[in-house]
Every structure is written in C-alpha cells, then in structure tokens.
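Below: one structure, written as structure tokens.
Computed from the coordinates by the stated procedures, all read-outs in this text should not be read as laboratory data. Predicted, not measured: the structure shown is a model, and the values here were computed from it. Glycine also receives a Cβ, built like all others from the backbone with ideal geometry; neighbour counts cover every protein chain displayed.
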Amino acid sequence: MSRPQDEAIFLALQALGTLAQVDRAWMFEYDARALRFRNTHEWCRSGITSHVSDLQDAPVTMIAWLHRALNQRRAVMIHDVARMPRAARSVQAEMLRQQDRSVLSVPVFHEGRLRACIGFDATRAPVRWQPAQALGLFLCADLIAQARYGGTETERSRARAQLYEPLLYLRLGHGTRGLAPADILGVRSARDYSLIWLAGGGSVKDMRPLSAWAELLPQESFMRIHRTALVNLGHVKALERGASMPWTVQLRGLGQPWSVSRPYRQALRARLGV
C-alpha cells in the first residue's frame, strides 16, 4: 500500500466490494485494550446508506458474539442475519438496523493481537458467502495490518496514540473517508461547497459550506484567516506581514500562500505568538 494509509484502505475496500458485488465494505478498529471499537472506513454502493459515523467508541460487549469468533482468527459468515443465534442478539439488532441481510467479517491481526475487523454487507438480497470471498478479505486484512500497524516501535506507538483521534467524515464518490483534523491543512470556500487541503497532498471537495467546517473543526487548532478560509495553525510554516504589503500564511506542503484579511490579523499573531 503505497498511497497515504487511509486512502489505501478505502481503495482496497472499494475494489474488494466492487469485485464481490456487495453493498458495503467496511473496517472497524479496537482500542488498545480491545474493550471498545469504532468504525473507521467504509465503501458503499450507490444508493446504499452509509453507517461509518455510527458506533464511535462503542463497547465490545455489544458485539461479544462476533468478537469471540474474530479472536479465534475465524471468518464469520452470516448468510442470513434474521436467523442468527440467540447469543448474537445485540449484534444482530445493529445489523438489522443497518438493513443488513448477510454479513461476512474477518479479523485483522498484527503481532498476535486482534487490532481490527473488515467485512462485507449485503443489503439488497441475502448472499451465501463462499470461501474465496473470505480468503480475499483475509489477504486484504494482512495488507492492512502491515500498512497500519507495522514499522518501527516508534511508528507503532504513534499509530496507537492516534488510534482514537476523533475523525471527520468526507463523502468520496460512493464511499466515506474518515479524516483526522491534524491531517487537514486548511479549508477554503468554493461557492456553496468547500475544498479541503490535505497534509498528504492535494485537496478534496466537500459539499458542506465553510460555515459548517468552522463548527466541525477544533477551535484550539483551527482559525479563520479570511472570510473564505480556515487554517490549521499547526501547519503554518511562515507568516509574511508588513505595513505596506498583504499578509499571507505559508502552509506546510503548499506552494501558494493564503491571504490573511485585516480583521483576523491580530488574532492570528496572538495565536502564533509573534
């Protein structure tokens, strides 16, 4: 996986879900003690409801029946959600809420520890899962484990520290991508929608206006510098200012500076400590 990690996971789920002709492909991650979990990545077929923003910091007891099987490194093939055993009642209720008719799940292990789960949902019609579909998910799980949890101990520690950083969700085509605020350089207004500039390079379009992003982004790290722009102060590389010249900020990784309008200049100086 050579692309930025989250994008690579999303694209892998999209490719597998499309190939398997399912309605959703998704991933959830456990916390460090495997006591809670949260949805992190999801691809949906056109017209299928997204649920990636549900189940954030949910207790593992909710999925205890599924968790026991995953902890044994088993694929869980649920051909008919309506006929799940009584012991699976709580996770069955959640699947029915999401209109799932069949679900396939496999664990993501790294260094002997259960870290996450990936899977498929069928909502339009029930599916009788085949071993080849489970094998494809297991192969994808191995790639995700290497990309997300591999590397040096320092990198793993950093990944663990960031594991439960709150995510903001962007709809990309037929899927949804979770994005940590720290990965956003800035947001600029583009008429009725916004352009989100990413630390990994490039930008993505979001249909929400800038005013909505001003409410979503944490105020301790973001501020408005123009009526059309918000910036992440942690990514400000330089502030250019002078009595007879326009004020601009240079964001790390971007070539073009962003203008700072007069009403926001003193607040920006105070926030940057200059």
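For region 182-272, report the % of Cα-Cα distances exceeding 23 Å.
Here the long-distance tail beyond 23 Å is 16 percent of all Cα pairs in region 182-272.
Dipole of the chain, Cα-centred, from +1 at each Lys and Arg C-beta and -1 at each Asp and Glu C-beta, to the nearest 20 debye?
Roughly 320 debye for the chain.
What residue among Leu104, Pro59, Ile144 has its Cα farthest toward the positive end of the dipole of the chain, where the charges are +1 on Lys, Arg and -1 on Asp, Glu, each on the Cβ?
About the Cα centre, the residue reaching furthest to the positive side is Pro59.
Quick one: net charge of Leu195's neighbours, Cβ under 9 Å, K/R +1, D/E -1?
Local charge sum for Leu195: +1.
Quickly rank 66-78, 208-220 as a protection proxy: mean count of other C-beta atoms within 10 Å, highest first.
Result, highest mean Cβ count within 10 Å first: 66-78, 208-220.
Using r as the Cβ-Cβ distance of Leu11 and Leu135, and R0 as 22 Å, what FRET efficiency do you calculate, to the nearest 0.05?
0.65
Ratio of alpha-carbon Rg to the 2.2 N^0.38 Å globular estimate for the chain, to two decimals, please. Intermediate results must be reported in sequence, preceding the final value.
Numbers: Rg = 21.3 Å, N = 274, 2.2 N^0.38 = 18.6 Å.
Expressed relative to 2.2 N^0.38 Å, the Cα Rg reads 1.15.
Between Ser53 and Gln256, what is the label-point separation in nm under the 7 Å Cα-to-beta-carbon projection?
For Gln256 paired with Ser53, the spin-label model returns 2.9 nm.
Between Val60 and Asp192, how high is the FRET efficiency from 1/(1 + (r/R0)^6) when r is the Cβ-Cβ distance and R₀ = 35 Å? Nearest 0.05.
Details: r = 41 Å, r/R0 = 1.17.
About 0.30, to the nearest 0.05.
What ranking, highest mean first, results for peptides 110-116, 14-20 when packing means the other Cβ atoms within 10 Å averaged over each residue?
Top to bottom by mean Cβ count within 10 Å: 14-20, 110-116.
Using θ = phi - 60° and the Karplus relation 6.51 cos²θ - 1.76 cosθ + 1.60, list the HN-Hα couplings for region 78-84 in order, rounded to whole Hz, with x at every Gly or Pro.
9, 6, 9, 4, 5, 10, 5
Going toward the positive end of the dipole of region 182-272, with +1 on Lys and Arg Cβ and -1 on Asp and Glu Cβ, which of Gly202, Ala190, Trp247 do you reach last?
Trp247
What ranking do 37-45, 190-198, 118-126 get when scored by the average of other Cβ atoms within 10 Å per residue, highest first?
In decreasing order of mean packing, 37-45, 190-198, 118-126 become 37-45, 118-126, 190-198.
With +1 assigned to the C-beta of every Lys and Arg and -1 to the C-beta of every Asp and Glu, and no other charges, what is the dipole magnitude of region 164-274 about the Cα centre in debye, to the nearest 20?
Numbers: 15 positive and 7 negative charges, 74 e Å.
Roughly 360 debye for region 164-274.
Treat each spin label as a single point 7 Å out from the Cα along the C-beta direction, and report the Arg97 to Met207 distance in nm.
Here the modelled spin labels are 2.4 nm apart.
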